[in-house]
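Q: One structure coming up, written as structure tokens, with questions to follow.
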Amino acid sequence: QVQLVESGGGLVQAGGSLRLSCAVSGSIFSISTMGWYRQAPGKQRQLVATITSGGSTNYADSVKGRFTISRDNAKNTVYLQMNSLKSEDTAVYYCHANVKTDPVTYAMNFWGKGTLVTVSS
């Protein structure tokens, strides 16, 4: 089994910064893409940023220039540095990882339980 545990959420004022972390543990053979998604109240879950095992990144237009995704492959951990936060960034942030649990089985998608980020204006 694979577990994803997020940390770093909380309450911050507009213009402030937060850093989210997500550690992947369990039966891991390899991890390809990791990422962050968010879901605001009454809205669908949307992509925030992704990063491949080689370090290629992709960002939602709404966070480009403000958020930075990174990963530590040795620690199976992905980070999201969030700067210049806005009230519209308020959401539950979910960590995602595409994981192979052994050399033969296809990679599967795993999700964390989410961490709440609240930006006050």
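Q: Can you tell me which residues in segment 31-48 are surrounded by 14 or more Cβ atoms within 10 Å (Cβ to Cβ) and farther than 18 Å from Gly114 by Cβ?
A: Listed by number, the residues that qualify are Ile31, Thr33.
Q: Further question: Collect the residues in segment 57-80 that are part of a loop (DSSP other than H, G, I, E, B) and touching a Leu at 6+ places or on another chain (Cβ under 6 Å), keeping them in residue-number order.
A: Of everything in segment 57-80, just one residue is part of a loop (DSSP other than H, G, I, E, B) and touching a Leu at 6+ places or on another chain (Cβ under 6 Å), namely Ala60.
Q: Hey, among Gly9, Gly16, which residue is of a type in the set (Gly, Ala, Ser) and under 13 Å from the mean Cα position of the chain (by Cα)?
A: Being of a type in the set (Gly, Ala, Ser) and under 13 Å from the mean Cα position of the chain (by Cα) holds for just one of Gly9, Gly16, which is Gly9.
Q: Within segment 58-70, can one find any residue that is among the small types (Gly, Ala, Ser), touching a residue at least 60 places away in the same chain (Cβ under 8 Å) and open to solvent by less than 70 Å² (accessible area, probe 1.4 Å)?
A: No, segment 58-70 has no match at all.
The values are calculated or read from the model by the stated rules, or taken from the named source; none is laboratory data. These figures come from a predicted structure and were not determined experimentally. Backbone-built Cβ (ideal geometry, glycine too); neighbour counts: all protein chains shown. For accessibility, only protein heavy atoms count, side chains too; no ligands or nucleic acids. Shrake-Rupley method; radii C 1.70, N 1.55, O 1.52, S 1.80 Å.
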